[in-house]
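The values are calculated or read from the model by the stated rules, or taken from the named source; none is laboratory data. Not measured: the values here are computed from a predicted model. Backbone-built Cβ (ideal geometry, glycine too); neighbour counts: all protein chains shown.
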Amino acid sequence: MSREPSIPAMGGAVSGRGGSLPAVVEASRFRRIMGHYPTGVTVVTAVDRDGTPVGLTANSVTSVSLDPPLVLVCVSEKSSSLSAILANGAFAVNILGAGAAATAVRFAEEKRTDRFHDVPFTVREGGGPVLEGAVAWMTCGLYRTFEAGDHVILVGKVNDGEAAGGDPLVFFLGQYEALTVAAEPAGPRHSGPVQASSEDQ
Ligand SMILES: Cc1cc2nc3c(=O)[nH]c(=O)nc-3n(C[C@H](O)[C@H](O)[C@H](O)COP(=O)(O)O)c2cc1C
């Protein structure tokens, strides 16, 4: 597994400070705190050496950089998909739609081997399986990995992707919620800094 180092000074300083703190919050409280942070829901996929698709539900996806376009996902060391993603050197991120809670549940169920059964997908080169019906997807070449506690941070360089649109699936307080987005306005929804309208002033 190739793990290129981060900027050493920065990585060292940050992990050093955190590591020297005398106490850490207990796992249950940390979970409860993070549960108040609503996230989208994705299925991160790859293919293993035999070409068998692998994938897991993940909400730790975050954009990192625009130039180059980088995205990260934190994958548990215990994840059975991790070795395939690392060996594949590429992965795909599928952003799930509001109606895909069952897919999220299925791809989160441990040791389930039929996750892709009846789930139509296309394997995209330089990534992994792209699920039909995803609100948006991107394929990523593995750019860097970082060990972080019991997870591995996978940073991917985004090489392709599309946003089909649609209401997204949201995870909040341990529940799946459907976020209903108001009808698209004629122009772009948001094309720069939000300007206060004359009525607001
Ligand atoms: C909403 C939700 C988000 C999740 N996010 C992550 C995540 O970001 N990283 C991770 O490693 N596991 C995450 N999980 C847990 C995995 O989906 C789950 O452990 C899965 O069984 C792992 O599959 P694998 O071992 O086959 O890779 C999440 C689960 C749920 C329900």
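Considering the stretch 105-129 alone, what residues qualify as being among the hydrophobic types (A, V, I, L, M, F, W, C), closer than 20 Å to residue 72 by Cβ and surrounded by fewer than 20 Cβ atoms within 10 Å (Cβ to Cβ)? Steps first, please.
So the first thing to find is which residues in the stretch 105-129 are among the hydrophobic types (A, V, I, L, M, F, W, C), and the list is 105, 107-108, 116, 119, 121, 123.
Cutting the leftovers down to closer than 20 Å to residue 72 by Cβ gives us 107-108.
If the condition is that a residue be among the hydrophobic types (A, V, I, L, M, F, W, C), closer than 20 Å to residue 72 by Cβ and surrounded by fewer than 20 Cβ atoms within 10 Å (Cβ to Cβ), then 108 is the only one that fits.
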Of the criteria (1) more than 14 Å from the ligand (Cβ to nearest atom); (2) buried (at least 17 other Cβ atoms within 10 Å of the Cβ); (3) closer than 16 Å to residue 42 by Cβ, which one residue 132 fails: (2)
Being more than 13 Å from the ligand (Cβ to nearest atom), touching a strand residue (DSSP E or B) at 6+ places or on another chain (Cβ under 6 Å) and closer than 29 Å to residue 179 by Cα, is that true of even one residue in the stretch 73-83? no
Taking the conditions exactly as written (within 22 Å of residue 154 (Cα to Cα), out of contact with any Cys (no Cβ under 8 Å at 6 or more places or on another chain) and at pLDDT below 95), does residue 111 satisfy them or not? yes
Take the residues in the stretch 50-67 that are within 7 Å of the ligand (Cβ to nearest atom) and in a strand (DSSP E or B); name whichever of them is surrounded by the most Cβ atoms within 10 Å (Cβ to Cβ). 58
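Scanning for something at pLDDT below 95, of a type in the set (Asp, Glu), under 28 Å from residue 110 (Cα atoms) and surrounded by fewer than 17 Cβ atoms within 10 Å (Cβ to Cβ), does the stretch 4-19 turn up at least one residue? Reasoning before the result, please.
So in the stretch 4-19, the residues at pLDDT below 95 come out as 4-19.
Now restrict to residues that are of a type in the set (Asp, Glu): 4.
Retained after the next criterion (residues that are under 28 Å from residue 110 (Cα atoms)): none.
There is no residue in the stretch 4-19 that is at pLDDT below 95, of a type in the set (Asp, Glu), under 28 Å from residue 110 (Cα atoms) and surrounded by fewer than 17 Cβ atoms within 10 Å (Cβ to Cβ).
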